[in-house]
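The values are calculated or read from the model by the stated rules, or taken from the named source; none is laboratory data. Note that the structure is predicted; figures quoted are calculated from it, not measured. Here the Cβ positions follow ideal geometry from the backbone for every residue, glycine too, while neighbour counts run over all protein chains shown.
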Amino acid sequence: MVDELKQLLPPPGCWLFGKDAPKPDENGKFLEMFKEPEEAKIVIEKYQGSHANAVDLLGEAKLLYQNKRYARAVALGISAWEELGKSQMAADYYTGVIPEPVYKKAFTDHRAKTSYLHRTAVVKSTGKMGVVYDKQSGEALEKIRQDALYISDSSTPDKYTKEDAEFIMQRVFEHLHFIHYAEELNDRIGSKGIFK
C-alpha cells in the first residue's frame with residue numbers, strides 16, 4: 001500500500017506536469033480582498049481554521065497510531081491532508097488565484113480538496129497565475145479513507161499497516177512544514193507563497 005500512497009501523496013515541491021494537465025478554471029467571480037473586506041475576512045479565517053484543524057487531525061492520527069489503531073490513523077491522516085488542501089484553496093481564493101466556484105468545492109467536494117496539495121501553477125492567457133490539479137488522486141484517497149473506516153464487500157480496515165500510517169503522517173507533516181516555510185519566506189499565502 002505504501003507504494004500506492006507515494007503516488008497519491010507526493011512530497012512537497014512535486015507538481016503536476018505534462019500535456020495532459022487540465023486547464024485552470026477561469027469561470028466565476030474572483031475575490032477582490034480590498035473591495036470586499038468582509039468576505040476577505042471570512043475567507044482568511046477559513047484558511048487559518050482549516051490549517052489549524054489539519055494540525056489537530058494529524059495530532060489525533062498520531063494518538064491512534066501510538067495505540068496501534070493503524071487503519072484509523074490512516075483515515076485521520078488522509079483527513080488532515082484533505083483539510084490542508086482546503087486551507088490552500090481558501091488561501092488561493094483570498095489571493096485571487098482561483099475563482100469562487102473552485103473555492104466553494106473546498107466545502108463540498110472531497111476529491112477537490114484532497115487533490116489540491118498536488119497542484120501546479122500555470123500562467124493563464126491573461127498573464128495571471130492559475131493552478132491545475134488532478135481530482136483522480138482525490139478519488140483514490142477518498143476510497144482509501146473509506147476502506148480504512150468501514151468494512152465493505154471487498155475490503156476490511158485491518159489491511160492498513162503501521163507503515164501505511166507512518167507514511168501518511170510523515171507526508172502530511174512534510175507538507176505542513178513546507179507550506180509554513182514557503183509562506184513565511186515569501187510573505188504570501190497559498191500558491192503565491194509556494195510558487196513565487
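Results for (1) among the hydrophobic types (A, V, I, L, M, F, W, C); (2) modelled with pLDDT under 95; (3) over 20 Å from residue 179 (Cβ atoms), shown as yes or no for each residue.
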{"site": "89", "(1), (2), (3)": "yes, no, no"}
{"site": "99", "(1), (2), (3)": "no, yes, yes"}
{"site": "111", "(1), (2), (3)": "no, yes, yes"}
{"site": "131", "(1), (2), (3)": "yes, yes, no"}
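Is it true that residue 195 is modelled with pLDDT of 95 or more and in contact with a helix residue (DSSP H, G or I) (Cβ under 9 Å, 6 or more places away or on another chain)?
Judged against the criteria, residue 195 is not a match.
Might you let me know whether the stretch 59-75 holds any residue that is under 29 Å from residue 170 (Cα atoms) and at pLDDT below 95?
Checked the stretch 59-75: no residue is under 29 Å from residue 170 (Cα atoms) and at pLDDT below 95.
What residue, of 117, 141, is among the aliphatic types (A, V, I, L, M), surrounded by 16 or more Cβ atoms within 10 Å (Cβ to Cβ) and within 14 Å of residue 76 (Cα to Cα)?
Criteria check complete, one pass: 141.
Residue by residue through the stretch 144-159, note down the ones that are crowded, with 18+ Cβ neighbours inside 10 Å and farther than 11 Å from residue 78 by Cβ.
Residue satisfying the conditions is 157 alone.
Is it true that some residue in the stretch 117-129 is assigned to a strand (DSSP E or B), without any contact (Cβ under 8 Å) to a residue 24 or more places away in the chain and of a type outside the set (Gly, Ala, Ser)?
Looking for residues that are assigned to a strand (DSSP E or B), without any contact (Cβ under 8 Å) to a residue 24 or more places away in the chain and of a type outside the set (Gly, Ala, Ser), one finds at least one in the stretch 117-129, hence yes.
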